[in-house]
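Novice: My structure is below; once you've seen it, I'll send some questions.
Just so it is clear, none of the values below were taken in a lab; they were calculated from the coordinates. Computed from a predicted structure; not experimentally measured. So basically every Cβ, Gly included, is an ideal-geometry build from the backbone, and we count neighbours across all protein chains shown.
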């Protein structure tokens, strides 16, 4: 087995119960000195009788390591939360809520909510190295997600064409040999695509794309394009093979694990896969990946009502 990972069996031995998981989370979040998530006080923190509870004597509020994170108000034990983070960090094609429910002994609905909260955390700070921007040689490409017209019930067919009809576009950007970002698009017009690229890619970078007209005219970059319609896939240094490999992984998860992505939750699924690609380097130990997700979970909160009521 790779030295950068541990087996599920070893993981359960490392975190056999909630108390051990809580201690690990407290150490990662506070480094041994609790900080009030309400007023950020570090002094006058009182340890309560109930395990894992603290009281801030400055603002008179009780808190735990869950407070102010995606785990707040969850009744799922912390060792199960850590195990789901382990799965999310190591399952290359993702894990379904149905499978997760069976593995950790909760309902499918609770498993879905738990996964969506962690996906929300995956999207926090999804950034590159230079002022939050990707830089160097950056490949950009778009992909489309949604059911095929031929597979839909007759009443749900749009009957306005083929190909990308009824699908949602996602723009992917990847540094050559580096990090990945993905954004769900409202449309594939120049304003939308160029706005997302400008928000994600540092000026003076080298931008490699396909021949889509919406990429043209971005003078802040050195631009190179390959003409896929003419069966051109590499032109010197210009190609989009790196970002297309991202689509290959994402679509394997789409077809093999999830089977469909709801449009209103698609950005979270994209964030899950980009997190795993960014943190999944074999040189990064799996516990470091989990700790990275723990760090991202702080300051992120979404309720079940918010999730199901999204437009």
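Novice: Work out the FRET efficiency for residue 103 and residue 288 from their Cβ-Cβ distance, taking R0 = 25 Å, and round it to the nearest 0.05. Write down the numbers at each step before the final one.
Specialist: On the way: r = 23 Å, r/R0 = 0.92.
Efficiency, from the Cβ-Cβ distance: 0.65.
Novice: Taking other Cβ within 10 Å of each residue's Cβ, how do 81, 247, 30 sort, fewest first? Walk me through the numbers before you get to the answer.
Specialist: Numbers: 81 25, 247 20, 30 14.
Taking fewest neighbouring Cβ atoms as first place, the list is 30, 247, 81.
Novice: Pick the calculated Cα extents along the principal axes in Å for this structure from [x] 79, 64, 36; [y] 78, 45, 41; [z] 70, 49, 43?
Specialist: Recomputing Cα extents along the principal axes in Å here gives the entry labelled [z].
Novice: Averaging sequence separations of C-alpha pairs under 8 Å and six or more residues apart, then dividing by the length of the chain, give the relative contact order as a whole percent. Present the calculation step by step, with values, prior to reporting the outcome.
Specialist: On the way: 443 pairs, mean separation 70.4, N = 311.
This gives 23 percent for the chain.
Novice: Once every DSSP H run of n ≥ 4 in the chain is given -39500 (n - 2.57) and the sum is divided by its residues, what mean residue ellipticity at 222 nm do you get, rounded to the nearest 500 deg cm²/dmol?
Specialist: Working: 10 runs with 111 residues, N = 311.
That calculation yields -11000 deg cm²/dmol at 222 nm.
Novice: Among 135, 63, 275, rank each residue by its count of other Cβ atoms within 10 Å, from fewest to most, as a rough exposure measure. Working shown, then result.
Specialist: Numbers: 135 18, 63 21, 275 25.
Least crowded to most crowded, the residues run 135, 63, 275.
Novice: With r defined as the distance between the Cβ atoms of residue 27 and residue 74 and R0 fixed at 30 Å, what FRET efficiency is calculated, to the nearest 0.05?
Specialist: On the way: r = 20 Å, r/R0 = 0.66.
Efficiency computed from Cβ-Cβ geometry: 0.90.
Novice: Could you calculate the contour length gain from residue 12 to residue 216, that is, 0.36 nm times the residue separation minus the distance between their Cα atoms, to one decimal place in nm? Don't jump to the answer; show the numbers that get you there.
Specialist: Details: separation 204, 0.36 × 204 = 73.44 nm, distance 5.18 nm.
That pair, residue 12 and residue 216, stretches by 68.3 nm at full extension.
Novice: So what are the three principal axis dimensions of region 172-311 from its Cα atoms, in whole Å, longest to shortest?
Specialist: Ordered largest first, region 172-311 gives principal extents of 45, 39, 32 Å.
Novice: What list do you get for 216, 176 if you sort them by fewest beta carbons within 10 Å? Spell out each step's value before the answer.
Specialist: Numbers: 216 12, 176 16.
By the 10 Å Cβ count, ascending, the order reads 216, 176.
Novice: Less than 20 Å from a label point 7 Å out along the Cα-to-Cβ axis of residue 92: which backbone N atoms in region 234-254 qualify, by residue?
Specialist: Output list for this probe position: 241-254.
Novice: Right, here's the next one. Among DSSP beta bridges lying fully in the chain, give the percent that are antiparallel, nearest 5.
Specialist: On the way: 22 of 30 bridges.
Bridges in the chain are about 75 percent antiparallel.
Novice: Follow-up. May I ask you to derive the FRET efficiency for residue 194 and residue 57 from their Cβ-Cβ distance with R0 = 35 Å, giving the value to the nearest 0.05? Don't jump to the answer; show the numbers that get you there.
Specialist: On the way: r = 52 Å, r/R0 = 1.50.
Calculated transfer efficiency: 0.10.
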